[in-house]
Amino acid sequence: MGATLRALRALVLLLGFYLLSLVLLAALVGLDVLVFSWGHGPLTLKVGIVTVLLGIPVVRGMLMLRTPKGEDPHGIAVTDADEPRLWAVVRELATAAGTRAPHRILLTGEVNASVSENPRLLGLFPGRRRLTLGVPLLIGLTEAQLRSVLAHEFGHFTGGDTRLSALVVRGRVQIGRVVGRFHAAADEKVAADRARQERKSAKRIAKGGKAKPVDTTGVGVTYRTMARIYTAYGKLYLRASQSTARGQEYAADLAAARIAGRDATASALREIPVLSVSHDFYVDSYATLGLQARLLPPRGEFFGGFGRLLTARDAEFADLRSELPEETAGPYDSHPPIADRVRRIEALPADGRTDEAGGTALALLSDPARTLAALEDSVLLDELLAYPRAAGWQELLDASMAANLSSARTPLHTAVAEYTGKPATLSTLLDVIDDGRLWRLAERLPLTEEAAAAKGRAFREFVRPGLHRSLRTMVLAEFSSRSLLHWEFSWARPATVRLPGWGSETEDDGPETALEAAVEAAVADHPDTERLRALLPPAAIQNA
């Protein structure tokens, strides 16, 4: 479907919203006329008030004359003087796509790239353009892959997609606002009716009567019925506009393959889902590791560390690249499934462009370290930026684990305090175990119905895994409080606890193995704390 036909369909969908609104307003006016023709009285007044209240959200939705402008995402705007190489590539690709280059480039912290335009008169005249480019893409993609991503985005400019979006966005927002106002009015009516019933119940109780249960069934049904009418049209609107959006994505993919090459386009499409998943993991497990300790990674490493993770786990991520995600497209998804897009591109004839621009796209930046540091200042909250910086990732890990363990409160902590009436320390727990009261203590843990009903060995099997985890945490907390723990930082695997001075460091008989064996012995059918006490520092035993 050409740009003209797509523009016509977007306009028809938008006009459909106004037509629906006019029909509903006419129906409300007709209802007023019909009731008024029957005579005057309380019913006429009540119907008139209701129709006016129903008509207000409709009219307000119709009078939204301007397409709402989205806020700029948090990021840093870079000029030609700041990043000449990046701007040169952007202009080169825009020329190859047959379109104008963007007026502005905004670097963000998201795994995403997008283009936007502020057209005039609902997209009839072009406007200023912006390219939003996520720095994680620069870190994780090769230059050839990034060229493909940018060529795809400029394909949207070529097809007029960014200008047509003004029509589509306006219709969606108008429908959403009307639906929201009707639901808000219904909620207010329910709240008012509930308050009225509660006041009546309070009066009955004050007079010695019995309160009636609050029942708001049917309250606000008129408003919700109007909302359902607009919701039904909204679903039609979304289905029609999203099917167009999928066609735009396919067309932009073809433009990317033509400009940047088939293989670079296919590999970029495979890589982006991997980057998205791995970046989420990186932020959760590394970048925000020290928040509980009120500590940030070294300057520039909040985003910069992502590249280290990708390098260390390249073999692990290679499996994700080879297996295309097989998600099912929903009726309102604007993008087709990645697997479908990759297959379409890989089915194109080979173009011989397999070895172009294989270096990292981050090299397009004049000073990557400076940019990564500036991005932190722009994206992170002021509260976070006030935190001190760790000297390195190892220090960040140690501080984070110490903070986590010092504040650890497991279900076992609660059970020990309730059962003994003493502070929930490790030494108190070991005394309970030595007295043969572990399983009576375990009865105070949060239990499933099945576990609570079990007896004897069956009960012990139900609660043992939770006991093991909680006891291990208490032991590690004890060592951490005495600065006897060391955590081994790694980009390639989860952090590993090291307990120095416990004999051999081999995998089979190292301190971690000794700790696991000691904890298992303490929660066995016949608990034995001897191994665990042998591992504890003398001061911990003396405090028992």
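The values are calculated or read from the model by the stated rules, or taken from the named source; none is laboratory data. Remember, it's a predicted structure, so these values are computed and weren't measured experimentally. Backbone-built Cβ (ideal geometry, glycine too); neighbour counts: all protein chains shown. Just so you know, the surface numbers come from the protein's heavy atoms only, side chains and all, with ligands and any DNA or RNA stripped out. Shrake-Rupley method; radii C 1.70, N 1.55, O 1.52, S 1.80 Å.
Evaluated with a Cβ-only charge set (Lys, Arg +1; Asp, Glu -1), region 217-314 carries a dipole of roughly 440 debye about its Cα centre, given to the nearest 20. For region 238-322, the solvent-accessible area with a 1.4 angstrom probe is 40 square angstrom per residue.
At full extension, LEU34 and LYS210 could sit 59.1 nm farther apart than now, given 0.36 nm per residue minus the alpha carbon distance. With θ taken as phi - 60° and the Karplus curve 6.51 cos²θ - 1.76 cosθ + 1.60 applied, the whole-hertz 3J(HN,Hα) list for region 346-352 is 5, 7, 5, x, 4, 10, x Hz, x standing for glycine and proline. Extending 7 Å from Cα along the Cβ direction at ASP284 and again at GLU346 yields two label points whose distance is 2.7 nm.
Equivalent-ellipsoid semi-axes for region 192-274 (Cα gyration tensor, √(5λ), whole Å, largest first): 60, 18, 7.
If you take the Cα centroid of region 393-450 and the Cα centroid of region 273-310, the two points sit 30 Å apart.
Label sites at GLU383 and ARG128, each approximated as a point 7 angstrom past Cα along Cα to Cβ, lie 3.2 nm apart. Temperature 10 °C, viscosity 1.306 mPa s: under these conditions the Stokes-Einstein estimate for region 408-531, based on its Kirkwood radius over C-alpha pairs, is 102 µm² per second.
The phi-based Karplus calculation (6.51 cos²θ - 1.76 cosθ + 1.60; θ = phi - 60°) puts the 3J(HN,Hα) values of region 388-398 at x, 9, 6, 6, x, 5, 5, 5, 4, 5, 4 Hz, whole numbers, x for Gly and Pro. Couplings for region 480-495, taken from phi via the Karplus curve 6.51 cos²θ - 1.76 cosθ + 1.60 with θ = phi - 60°, read 5, 5, 9, 6, 9, 9, 10, 10, 8, 7, 8, 7, 8, 8, x, 4 Hz in order; Gly and Pro are left as x.
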